[in-house]
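Scroll down for the structure; my scribbles are underneath it.
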Amino acid sequence: MKTTITAKGMTVSPAISNRILKKASTMSRYLKQDTEMFVRLRKEKNQRVVEITVPMNGFAIRAEASSEDNLFMAIDKALAKLEKQILRHRTKLDKRLRQDFNMEDVPEFIEALEPSETAERQIVRNKTYTVRPMHVEDAIMQMELLGHNFFVYIDTETEQTHVLYLRRDGNLGLLVPEE
């Protein structure tokens, strides 16, 4: 497994690198040999934040953890979260292979925001990403693995861009454009 370590606002000592590589080597039983793991370390005020991303077959598994002034604790927490994510991903894939998925009705759209609520907001960050064609079940799994509350994808059946989102009641919503 190839591990790439980057740091922002701090230096990576050999002890930190060795700790990450040693702990990450235990993930090799779940991942293929040619899998890449990206570890990002950063310092935010009095917090040490560790973010780990593992791209897998068009999906990305991501875990983030932080600790006050103890980077080793944050590394251990992030790797434990990553292991849980990988096991959850493998369990879902196993279930999917064993049973057929039934398409359920699309949930209703979330209510639109009033113009007065959006007038004061500003775009503070711009991020680009690759939109991949996938089924709605794959989009749900990817959104859960990333820990995001929405996910944009191209539906393989209609070849249209859809937005999957987490509703306040805990259910999922799907935005489908009209033709």
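The values are calculated or read from the model by the stated rules, or taken from the named source; none is laboratory data. In this text the structure is predicted, and so the values were computed from the model without any measurement. A quick note on method: Cβ atoms are made from the backbone with ideal geometry, for glycine too, and the neighbour counts reach across all protein chains shown.
Considering 61, 52, the condition of being touching a helix residue (DSSP H, G or I) at 6+ places or on another chain (Cβ under 7 Å), touching a residue at least 60 places away in the same chain (Cβ under 8 Å) and under 14 Å from residue 83 (Cβ atoms) is satisfied by 61 alone. Cβ-Cβ distances below 8 Å connect the following pairs, each with a first residue in segment 158-179 that is more than 15 Å from residue 135 (Cβ to Cβ) and hydroxyl-bearing (Ser, Thr, Tyr), a second residue that is modelled with pLDDT under 90 and assigned to a loop (DSSP other than H, G, I, E, B), and a separation of six or more residues or different chains: 165/110; 165/149.
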